[in-house]
Amino acid sequence: MQKIPMTPEGYKKLESELEHLMKVERPKNVKDIAEARAHGDLSENAEYHAAKERQGFIGARISELQVKLSRAEVIDPSSLSGEKVVFGATVGILDLETDEEKTYQIVGPDEGDVKNSRISVTSPMARALIGKSVGDEVRVQTPVRTAEYEILSIRFE
């Protein structure tokens, strides 16, 4: 069974979602099903069918979260150090074509959020950066172009 790297924040977020589903959403859904069942004929009861469909979604998501949490390898970036880019690193890069500087933190697959400068460890950008050092140049294939970047800084926070 392969481990899934995850920051402490990412782990807590998944744990919180699981708890919410189990303690709030699932009990509410059970009440919704009972209420819809009380309306009579189930074959033409849209509320009942919607509640049963929601029950399936909730159950599947709970199972998915339990598997992810059981496979999680929580890595605290602030406890790391080094000269090379690894999971959890915050990397400053320079786009060699546009001279635009960007900073990204490499996070777990479920934590990626480009708008907040967090990229998944499985993304093409992260895969290109991992193992590199300050001053190295990397080439990343994007949908629009092949971009070239220079690594300006590596921090662990």
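The values are calculated or read from the model by the stated rules, or taken from the named source; none is laboratory data. Since the model is a prediction, treat every value here as computed from it, not as a measurement. Quick reminder, even Gly has a Cβ in these numbers, built from the backbone with ideal geometry, and neighbours come from all protein chains shown.
Examine region 118-133 for a residue that is of a type in the set (S, T, N, Q), in contact (Cβ under 8 Å) with a residue 40 or more places away in the chain, outside any helix (DSSP H, G or I) and surrounded by 12 or more Cβ atoms within 10 Å (Cβ to Cβ), and state whether such a residue exists. Write out each step before concluding.
The initial filter retains those residues of region 118-133 that are of a type in the set (S, T, N, Q), namely 120, 122-123, 133.
Applying the additional criterion that residues be in contact (Cβ under 8 Å) with a residue 40 or more places away in the chain yields 133.
Adding the requirement that they be outside any helix (DSSP H, G or I) leaves 133.
Checking which are surrounded by 12 or more Cβ atoms within 10 Å (Cβ to Cβ) leaves us with none.
No, region 118-133 contains no residue that is of a type in the set (S, T, N, Q), in contact (Cβ under 8 Å) with a residue 40 or more places away in the chain, outside any helix (DSSP H, G or I) and surrounded by 12 or more Cβ atoms within 10 Å (Cβ to Cβ).
State whether one or more residues within region 113-128 are touching a helix residue (DSSP H, G or I) at 6+ places or on another chain (Cβ under 6 Å) and modelled with pLDDT of 95 or more. Scanning region 113-128, I find at least one residue that is touching a helix residue (DSSP H, G or I) at 6+ places or on another chain (Cβ under 6 Å) and modelled with pLDDT of 95 or more, so the answer is yes. Taken as a whole, region 21-31 holds no residue that is under 30 Å from SER133 (Cβ atoms) and either surrounded by 11 or more Cβ atoms within 10 Å (Cβ to Cβ) or not assigned by TED's automatic domain parsing to the domain that holds ALA128 (or both).
For region 14-45, the set of residues classified as touching a residue at least 24 places away in the same chain (Cβ under 8 Å) and under 22 Å from the mean Cα position of the chain (by Cα) consists of LEU14, GLU15, GLU17, LEU18, LEU21, MET22, GLU25, listed by residue number. Condition check for GLY92 on (1) over 15 Å from PRO5 (Cβ atoms); (2) part of a loop (DSSP other than H, G, I, E, B); (3) in contact (Cβ under 8 Å) with a residue 24 or more places away in the chain; (4) small (Gly, Ala, Ser): one failure, at (2).
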